[in-house]
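Q: This is the structure I have questions about; it appears just below.
The values are calculated or read from the model by the stated rules, or taken from the named source; none is laboratory data. Source: prediction; values computed, not measured. All Cβ positions, even for glycine, are placed from backbone atoms using ideal geometry, and neighbour counts span all protein chains on display.
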Amino acid sequence: MTESLEEFLIARRGTGRPLLVPYVTAGVTPGWTDVVHAYADAGADAVELGFPFSDPMLDGVTIQEASDRAIAAGTTVRKILEEVATLDVDVPLIAMTYSNLVVQQSTAEFCAALTASGLRGLIVPDSPLEEVGELADAAAAEGLDLVLLAAPSSSRARLREITERSRGFVYALTHMGTTGERGEIPEQAARLGRELKGLTDRPVLFGFGVSHPAQAAELAGHADGVVVASALMRKLLDGARPRELGEYVASIRRALDQGAR
Amino acid sequence: MGEMSWSGRQYATVPAATRAMRDPGATGRFGTYGGRYVPESLIPACHEIEAAFREAWSDPEFRSRLDTLLTVYAGRPTPLTPAWRLSHELGITLFLKREDLAHTGSHKINNVIGQALLAHRMGKERLLAETGAGQHGVATATAAALLGLKATVFMGERDIERQELNVLRMNVLGAEVVPVTTGSRTLKDACNEAMRHWVSSVDDSYYCIGSVMGPHPYPWMVREFQRVIGEEARAQCAAELPVGVPDYVVACVGGGSNAAGTFAGFVDTTARLIGVEAEGGAAATFGRAGVLHGFRSLVLQDEDGQVTEAHSVAAGLDYPGIGPEHAHLRDGGRARYETVNDGEVLQALLCLARTEGILAALESSHAVAWVIRAARSGEIAPGSTVMLTLSGRGDKDIASIKELL
């Protein structure tokens, strides 16, 4: 039996390295799976795959554009899963999508399909604690780690429940807003990281607005690592090849490793 | 349970679960619909608004302030007008609840004054709103001006072209109108953009949702603020009609706020409740269960779960979902949802204008169109009484009507 996303990340963290999870929107280009390989080769600890949805309420312009492009190219959950099943990468893959795609059949069928294709984690940003019960049960039954989001606005009581119920890692939002590149990391991110680290031994990763290597390194100092999405997708939408995206991920990897020394 | 006969005067048995449109409780569920499908970042704001609304709604001072503004500012109660000539033509007795005569020209003002008072009470400085036809945007801009708040209104680029007059009105009222250029560039995308903006400005901004949609407590709260339509109409019918209650209560449905407010006044009576959707945006008729804009309901979507664009002659009905309580009323059989097409709507608009001297909004004309069709086909039995909520006036639609003629 393969280890879970959480076990994998904890083992990686145990080697002393900050965790790095780059993102790609599935289906955004015909060769999007090459991007996944490039990320894995560049030192990613896991890869997040966006399953595109027509109305991505928590995404900024870059991921919206990537999602629209993927949908226009005929991307569907079924097609993504077929391609994922052919991937040969040695790091866990995590699906990121919205509730409407999860509830199309039943949450149990959705989770079973993800696991069957080899995915080990799932992030559903519009499914907060209030609505996550059935999905969390379905994911647990399939051995799929359901990652929950923690926000700067979350109360301490909510953060405690989020850290208890999240699996894989806890996804800490650096700021109140949508995905997208940003110039500065607000002070509230550091505070949220410290608070979450005090509540759980589960890995805590920062996401939203992690735009360049130095920022990634700075944030990783307040938690266990980072998710990088829009910065990579902007480059991809502007024509960057998988190799170039891999090089950028490698540069973030180096910054993280240097920062950890 | 829920079996309805649509001929003669056999009335539906009202299922207990939907007998009254009441408080959906902490989970915000109407049966399996509703809920709070928003990112964690917005959850504290939803809780804060729910707590503030519960407190305000049971505070006599708040209610009295709202009632006063609805009376001296918004022009309530709106009249119940007998449609004499059209009734004669159709062989029925038709009454119109005249929300077109409310300040700003539609029922939207009822909800917006309520929410603006709440935002003010919560210490918020800015109202955010989405708008389709522009009526909710205009109402929001109006209430913001009245209470000294700022207003930012998100509107699809395509709707901005279709509703130029309302964009000008919002500007004159001091609101900022933000064109939304993503997706179908209509109401659905304006909702997405308003949500995104809300996430990043939740400390000082209040999202004033314009219909019975969005995360809990909005569907419930907006229905409560619109309940005034149904309660007034109920009392007016009681005074006007020999039997006190009409046979049919009819309203148009986009997200469904004027219908929800209307139905709330009649849900515990024998009246048949009819919501009329645009054929190209009929989520209650053609939708499947899904999650959009923070709530679970019936949603127009393709087989892969991508939300499809709604298309109709009325920008205010171009919404691919329906309020969660409507989905629940439909499933329970307490309300029935019908569709009419653009051609019928235009004919109905002209018919009402020429028989009654009332220029209704294209949205409201959907309800009129169904009544005309159903009365002519005999589906509404001759001699029946019909109470129709005329949600707004048609001045804003003159340019569209000119093109269609």
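Q: Going through the stretch B:195-237 one residue at a time, which ones are outside any helix (DSSP H, G or I), within 14 Å of another protein chain (Cβ to nearest Cβ) and in contact with a helix residue (DSSP H, G or I) (Cβ under 7 Å, 6 or more places away or on another chain)?
A: B:Val202, B:Ser205, B:Tyr207, B:Ile209, B:Met213, B:Pro215, B:His216, B:Pro217
Matching residues to (1) touching a Gly at 6+ places or on another chain (Cβ under 9 Å); (2) facing chain B (nearest Cβ under 9 Å); (3) more than 30 Å from B:Glu48 (Cα to Cα):
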site	(1), (2), (3)
A:Arg78	no, yes, yes
A:Phe110	no, no, yes
A:Ala113	no, no, yes
A:Gly118	no, no, yes
A:Leu149	yes, yes, no
A:Pro152	no, yes, no
A:Arg156	no, no, no
A:Thr163	no, no, no
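Q: Filter the stretch B:58-96 for residues that are within 20 Å of B:Gly114 (Cα to Cα) and under 18 Å from the mean Cα position of the chain (by Cα) and give the result. Working first, answer last.
A: So the first thing to find is which residues in the stretch B:58-96 are within 20 Å of B:Gly114 (Cα to Cα), and the list is B:58-78.
Matches in the stretch B:58-96: B:Leu70, B:Ala74, B:Arg76, B:Pro77, B:Thr78.
Q: What residue, among those in the stretch B:272-286 that are surrounded by fewer than 24 Cβ atoms within 10 Å (Cβ to Cβ) and outside any strand (DSSP E or B), is farthest from the other protein chains (Cβ to nearest Cβ)?
A: B:Glu279
Q: Could you go through the stretch B:161-181 and let me know if any residue there is polar (S, T, N, Q) and within 14 Å of another protein chain (Cβ to nearest Cβ).
A: First, pick out the residues of the stretch B:161-181 that are polar (S, T, N, Q): B:163, B:166, B:171, B:181.
Then keep just the ones that are within 14 Å of another protein chain (Cβ to nearest Cβ); that gives B:181.
Yes - at least one qualifying residue is present in the stretch B:161-181.
Q: Only one of (1) in a loop (DSSP other than H, G, I, E, B); (2) surrounded by 24 or more Cβ atoms within 10 Å (Cβ to Cβ); (3) within 13 Å of another protein chain (Cβ to nearest Cβ) fails for A:Arg182. Which number is that?
A: (2)
Q: Within the group B:Val386, B:Val368, which residue is free of Cβ contacts under 8 Å to residues at least 24 places away in the same chain and under 22 Å from the mean Cα position of the chain (by Cα)? Steps first, answer last, please.
A: Details: B:Val386 fails: free of Cβ contacts under 8 Å to residues at least 24 places away in the same chain.
Result: B:Val368 is the single residue among B:Val386, B:Val368 that is free of Cβ contacts under 8 Å to residues at least 24 places away in the same chain and under 22 Å from the mean Cα position of the chain (by Cα).
Q: Being modelled with pLDDT of 95 or more, within 17 Å of the chain's Cα centre (by Cα), among the hydrophobic types (A, V, I, L, M, F, W, C) and outside any loop (DSSP other than H, G, I, E, B) narrows it down to one of A:Leu192, A:Leu205, A:Leu196, so name that one.
A: Values: A:Leu192 fails: within 17 Å of the chain's Cα centre (by Cα); A:Leu196 fails: within 17 Å of the chain's Cα centre (by Cα).
None of the others qualify; the one that does is A:Leu205.
Q: Is it true that some residue in the stretch B:309-319 is at pLDDT 95 or above and buried (at least 24 other Cβ atoms within 10 Å of the Cβ)? Before the answer, list the steps.
A: Step one: list which residues in the stretch B:309-319 are at pLDDT 95 or above, which gives none.
No, the stretch B:309-319 contains no residue that is at pLDDT 95 or above and buried (at least 24 other Cβ atoms within 10 Å of the Cβ).
Q: Could you count how many residues in the stretch B:351-405 are of a type in the set (S, T, N, Q), outside any helix (DSSP H, G or I) and closer than 20 Å to B:Gly254 by Cα?
A: Applying the first criterion (of a type in the set (S, T, N, Q)) to the stretch B:351-405 yields B:355, B:364-365, B:377, B:384-385, B:389, B:391, B:400.
Going one step further and asking which of them are outside any helix (DSSP H, G or I), we end up with B:384-385, B:389, B:391.
Filter once more, so that each one left must be closer than 20 Å to B:Gly254 by Cα: B:389, B:391.
Residues that pass the stated criteria total 2.
Q: Of the conditions (1) farther than 26 Å from A:Arg160 by Cβ; (2) touching a Lys or Arg at 6+ places or on another chain (Cβ under 9 Å), A:Val204 clears all except one; give me its number.
A: Every condition holds for A:Val204 apart from (1).
Q: Residues in the stretch A:48-58: is at least one over 26 Å from B:Met195 (Cα atoms) and within 14 Å of chain B (Cβ to nearest Cβ)? First the steps, then the outcome.
A: Step one: filter the stretch A:48-58 for residues over 26 Å from B:Met195 (Cα atoms), giving none.
No, there is no match, as no residue in the stretch A:48-58 is over 26 Å from B:Met195 (Cα atoms) and within 14 Å of chain B (Cβ to nearest Cβ).
Q: Can you pull out the residues in the stretch A:101-111 that are without any contact (Cβ under 8 Å) to a residue 40 or more places away in the chain and buried (at least 16 other Cβ atoms within 10 Å of the Cβ)? Give the derivation first.
A: Filtering the stretch A:101-111 down to residues without any contact (Cβ under 8 Å) to a residue 40 or more places away in the chain leaves A:102-111.
Across the stretch A:101-111, the qualifying residues are A:Val102, A:Val103, A:Gln104, A:Thr107, A:Phe110, A:Cys111.
Q: Those residues that are surrounded by 24 or more Cβ atoms within 10 Å (Cβ to Cβ), in a loop (DSSP other than H, G, I, E, B) and either within 12 Å of chain B (Cβ to nearest Cβ) or out of contact with any Lys or Arg (no Cβ under 7 Å at 6 or more places or on another chain) (or both), I need them from the stretch A:165-176; list them, please.
A: Listed by number, the residues that qualify are A:Ser166, A:Gly168, A:Thr174.
Q: Ok, one more. Taking the conditions exactly as written (outside the structural domain of B:Ala52 (by TED's automatic domain parsing), surrounded by fewer than 24 Cβ atoms within 10 Å (Cβ to Cβ) and of a type in the set (Gly, Ala, Ser)), does B:Ala289 satisfy them or not? Break it down stepwise before answering.
A: Values: outside the structural domain of B:Ala52 (by TED's automatic domain parsing): yes; surrounded by fewer than 24 Cβ atoms within 10 Å (Cβ to Cβ): yes; of a type in the set (Gly, Ala, Ser): yes.
Judged against the criteria, B:Ala289 is a match.
Q: If you go through the stretch B:238-263, how many residues are surrounded by 24 or more Cβ atoms within 10 Å (Cβ to Cβ) and part of a helix (DSSP H, G or I)?
A: Matching residues across the stretch B:238-263 total 7.
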